[in-house]
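Reviewing the structure listed below.
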Amino acid sequence: MRKPHANAVLEMRQCMLHLSLRVIKDLLTDPSVQTEEFMNRRYEFRCNTQMSEVEYGERFRFIFPFPSVGLERAQNSILLDAQSEGIAVWDRDVDRYLHSNRLSCLQPVGRVYLPSS
């Protein structure tokens, strides 16, 4: 025996699946999501609170210490790398990301010289 609301439930499930796939597709093509994924995949950023500068290092490279991102050249290189991967990003987007709360903060004096209790 078939339930009268079975077709309605099936249609609702198909609609929900279609909507969820559409949301996932929109998220994957959103430039801000692509930019954040690119930054986290390619670079490691930190905000040095002692120097009031953003420092960065390319992942999987062993160059120490972290150079400052304040130089336009480094920011332009990051921008060009993102654009070469097909991400629709502008220089102001990179600058906005680098000066946001998305970066972890580093307090070198407190971490290195002061013992924790």
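Kindly establish whether L19 is in a helix (DSSP H, G or I), over 30 Å from L103 (Cα atoms), open to solvent by less than 100 Å² (accessible area, probe 1.4 Å) and at pLDDT 70 or above.
Values: in a helix (DSSP H, G or I): yes; over 30 Å from L103 (Cα atoms): yes; open to solvent by less than 100 Å² (accessible area, probe 1.4 Å): yes; at pLDDT 70 or above: no.
It is false that L19 is in a helix (DSSP H, G or I), over 30 Å from L103 (Cα atoms), open to solvent by less than 100 Å² (accessible area, probe 1.4 Å) and at pLDDT 70 or above.
Of (1) surrounded by 10 or more Cβ atoms within 10 Å (Cβ to Cβ); (2) at pLDDT below 80; (3) among the hydrophobic types (A, V, I, L, M, F, W, C), F45 satisfies all except one. Which?
(2)
Hey, among the residues in region 48-98 that are in a loop (DSSP other than H, G, I, E, B) and modelled with pLDDT of 85 or more, which one's surrounded by the most Cβ atoms within 10 Å (Cβ to Cβ)?
In the first step, residues of region 48-98 are kept if they are in a loop (DSSP other than H, G, I, E, B); the result is 49-52, 59-67, 69-71, 85-90.
Now drop any that are not modelled with pLDDT of 85 or more, which leaves 85-90.
Working: E85: 12, G86: 9, I87: 18, A88: 12, V89: 22, W90: 13.
Taking the candidates together, the pick is V89.
Filter region 102-117 down to residues that are more than 18 Å from G57 (Cα to Cα) and not β-branched (V, I, T) and give me whichever is modelled with the highest pLDDT. Can you show your working first?
Going residue by residue through region 102-117, those that are more than 18 Å from G57 (Cα to Cα) are 109-117.
Subset that is not β-branched (V, I, T): 110-111, 113-117.
Details: G110: 56, R111: 51, Y113: 50, L114: 49, P115: 53, S116: 52, S117: 50.
Per the criteria, the residue is G110.
The values are calculated or read from the model by the stated rules, or taken from the named source; none is laboratory data. What you see is a predicted model, and the numbers here were worked out from it, not measured in a lab. For neighbour counting, all protein chains shown are included, and Cβ atoms are generated from backbone atoms with ideal geometry for every residue, glycine included. Accessible surface areas use protein heavy atoms only, side chains included; no ligands, DNA or RNA. Shrake-Rupley method; radii C 1.70, N 1.55, O 1.52, S 1.80 Å.
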